[in-house]
2 protein chains.
Amino acid sequence: MKYFEDIAVGERFAIGRHTFKADEIKAFASRFDPQPFHTDDKAAEGSHFGALVASGWHTVMVWMRLMAEHRRASADAMRSRGEPVAGAGPGLGFRELKWLKPVYAGDTIDYANEVIETRVSRRRPRHGLLTLRSTGVNQNGDVIMSFVSTSFVERRSEET
Amino acid sequence: MKYFEDIAVGERFAIGRHTFKADEIKAFASRFDPQPFHTDDKAAEGSHFGALVASGWHTVMVWMRLMAEHRRASADAMRSRGEPVAGAGPGLGFRELKWLKPVYAGDTIDYANEVIETRVSRRRPRHGLLTLRSTGVNQNGDVIMSFVSTSFVERRSEET
């Protein structure tokens, strides 16, 4: 990924798109979030959702996977151009995670991140802290989920 | 689960315990959070963690599964005593999700919830809004993650 110094507040980037199929919704929920409106068509029809919906956690896990793939693809592209690649640290946590609209089987979600804050870490001065607002938007333009996360990003060393 | 009226601020309940095995850490991360310190022993040794660690998301997904199992077991026990069981609605979101300590392969985490707020929903007056602080604590007594969540719980109908 880019070095901390090369990341600006306001920057927005798309990280990928995913269509939630019924089988995948049920498989994820059976393992991690076994509530009837996520695992069973008939039960979902009788719920206030009216049809099968993805676990909110599933919509976040797909973000995580797309984010990791996006980072890897960006790093590969930078390396192939001969550019140095900054190390990305682990996440510190998340806040304001909101599930705003249901995600029904067949919905396609576009995921994007926006940089909302950057600052140097006091505890680890070789790193910056990057704060992103991440969103998923469905095919009708509705934001289905949103959260804010902060993670470490390597700073350029003083030599470079 | 219990009806909204039967839930009091300050109530604490254990929901279960889980030991994170190396194979499971790698399998989860390969699918959802493919960062080297979650998927590869050697890479993890060279990272600032010093050894394989579970994805923070994995530690939350295990909470979700234990929570669903706990709810189901409580509902079964209430039904077997002839008590009415309240409906639990979907979660609205999460806040202050913090990964405070790494979870290494072999660590055992005890999960618990504490009720920190209850109030009647303005939008859905037949429901209450239940706010929980959930934590995972490792075998050394360290809190490894913490978050706050709010979800709908059915109120007793006026007839009962």
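Read-outs: derived from the displayed coordinates by stated rules, not from any lab. Bear in mind the structure is a predicted one, so any value in this text is a computation, not a measurement. Cβ sites come from the backbone with ideal geometry, for glycine too, and all protein chains shown count toward neighbours.
Observations
- Residue within region B:40-60 that is in contact (Cβ under 8 Å) with a residue 60 or more places away in the chain and closer than 27 Å to residue B:127 by Cβ present: yes
- Qualifying residues in region A:13-38 (those that are of a type in the set (D, E, K, R) and either within 11 Å of chain B (Cβ to nearest Cβ) or more than 15 Å from the chain's Cα centre (by Cα) (or both)) - the one nearest to residue B:24 (Cα to Cα): A:31
- Close pairs (8 angstrom Cβ cut-off, 6 or more residues apart or separate chains): within 12 Å of chain A (Cβ to nearest Cβ) in region B:87-113, assigned to a strand (DSSP E or B) and among the basic types (Lys, Arg) anywhere: B:92/A:98; B:93/A:98; B:95/A:95; B:96/A:95; B:97/A:95
- Comparison of B:134, B:121, B:80, B:74 shows that the only residue that is of a type in the set (Ser, Thr, Tyr), more than 14 Å from every other protein chain (Cβ to nearest Cβ) and under 30 Å from residue A:51 (Cβ atoms) is B:74.
- The listed residues are B:105, B:88, B:77, and the only one of them that is within 20 Å of residue B:149 (Cβ to Cβ) and not acidic (Asp, Glu) turns out to be B:88.
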